[in-house]
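Student: Please find one structure pasted underneath; my questions will follow.
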């Protein structure tokens with residue numbers, strides 16, 4: 001197998017040849033077809049998440065085919081297409097796992113962070129956390145659904161039933177959730193980096209009724225806002241943009257420090273909440289919805305060995321939609 005390996009914080013990924021991994025008890029080996037590149041991968045590469053042990057292979061939006069079964073792995077079958085998301089395993093017995101909150105497990109394993117991920121030709125995963133994907137014919141188009149889609153969906157559920165939704169940071173997650181909102185009959189207001197006219201045009205092409213810079217005031221107050229960009233300064237702006245009783249949802253795993261802000265922009269029962277990780281139930285709910293709503297992901301393809309180019313393009317805002325690595 002081949003893998004793009006991170007050996008130190010902030011270092012470029014290095015293409016390495018390794019022996020094919022052997023799945024252990026309850027595990028499967030997957031031949032990777034496609035792996036989308038997520039902003040969380042940037043946080044891993046930049047060392048912004050704690051307790052990273054090097055070397056590590058990033059990547060957690062994996063679509064591939066089951067190639068080998070470990071002992072006791074009877075859930076899936078050889079040749080079956082599956083998805084491997086961020087949540088790779090949980091303990092199953094902490095207070096969160098036993099109360100249907102496995103996303104908050106005390107001792108989780110995350111794909112591409114605590115265990116090697118999908119920037120590779122092969123990956124080993126826990127069979128119980130693999131998501132059947134046989135209904136998706138195109139692995140490249142499906143890959144962004146496994147984090148951008150799932151975290152976006154979890155964030156949208158947390159935002160509530162409001163009809164006017166603001167999306168701060170128009171990347172992979174926002175381009176999927178805009179389509180979901182429009183299918184549900186909601187109005188979308190897109191907020192981008194100042195001067196990013198391409199992102200604003202992209203948002204409007206997907207159905208956003210308004211798109212402008214994050215510093216701008218929308219034409220009407222919002223029922224809720226979701227912040228996908230890892231920028232703490234956006235929280236006061238989003239609180240000002242939502243109406244009384246509105247909710248601001250932070251959808252990222254990492255965010256820069258939040259500046260102080262006056263209490264009056266939080267008052268009147270506005271809420272500020274965060275979303276952490278995802279659950280298997282999120283996948284069981286969202287993926288059929290994505291098919292029913294005919295969600296179309298916009299992808300830019302890169303060969304596996306060009307992972308550093310994909311990371312750079314994502315970091316510098318040169319991608320509309322999602323970057324996807326093709327394992328060849």
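Each reported figure results from applying straightforward, stated rules to the coordinates on display, with no laboratory input. The model shown is predicted, which means the values in this text are computed figures rather than measured ones. Glycine also receives a Cβ, built like all others from the backbone with ideal geometry; neighbour counts cover every protein chain displayed.
Student: Using only Cα atoms, figure out Rg for the chain and give it as a multiple of 2.2 N^0.38 Å.
Tutor: Scaled against compact globular proteins, the figure is 0.97.
Student: When the convex hull of the Cα atoms of region 134-209 is projected onto a plane and the area is averaged over all directions, what value comes out in nm²?
Tutor: 5.4
Student: Shifting gears a bit: Between 0 and 90 degrees, rounded to the nearest ten: what's the tilt of helix 172-184 against the longest Cα principal axis of the chain?
Tutor: 60
Student: Using a 10 angstrom cutoff on alpha carbons, build the Gaussian network for the chain and name the most mobile of 244, 163, 220.
Tutor: Highest fluctuation of the listed residues: 220.
Student: Now a separate question. Give the shape of region 149-274 as rounded, prolate or oblate, defined through the alpha-carbon gyration tensor: a ≥ b ≥ c are the square roots of its eigenvalues, a/c under 1.5 means rounded, and otherwise the shape is prolate if a/b is larger than b/c and oblate if not.
Tutor: rounded
Student: A follow-up question, please. Between 267, 153, 210, where does the largest GNM mean-square fluctuation fall for the chain, given springs only between Cα atoms within less than 10 Å?
Tutor: Highest fluctuation among the options: 267.
Student: Which residues in region 105-126 place their backbone N less than 12 Å from a point set 7 Å from the Cα of residue 2 along the Cα-to-Cβ direction?
Tutor: Answer for region 105-126: 120-122.
Student: Determine, for 65, 248, the number of other Cβ atoms within 10 Å of each Cβ, and report the residues in order from fewest to most.
Tutor: 65, 248
Student: Next question, about the same structure. Where in region 28-51 does the amide nitrogen come within less than 19 Å of the point 7 Å from the Cα of residue 198, taken along Cα to Cβ?
Tutor: In region 28-51, the label zone of residue 198 (backbone N under 19 Å from the point 7 Å along Cα→Cβ) covers 37-39.
Student: Hey, with R₀ at 35 Å, roughly what FRET efficiency would residue 326 and residue 98 work out to, going by the Cβ-Cβ distance, to 0.05?
Tutor: Efficiency at R0 = 35 Å is approximately 0.30.
Student: Among 37, 82, 273, which comes first, then next, by fewest other beta-carbon atoms within 10 Å?
Tutor: Ascending number of Cβ neighbours within 10 Å: 273, 82, 37.
Student: As a footprinting exposure proxy, order 168, 254, 263, 96 by other Cβ within 10 Å, with the fewest listed first.
Tutor: On the way: 168 25, 254 13, 263 6, 96 16.
With the fewest neighbours first, 168, 254, 263, 96 line up as 263, 254, 96, 168.
Student: Which whole-number percent is the relative contact order of the chain (Cα, under 8 Å, 6+ apart)?
Tutor: Numbers: 790 pairs, mean separation 62.7, N = 328.
Across the chain, relative contact order equals 19 percent.
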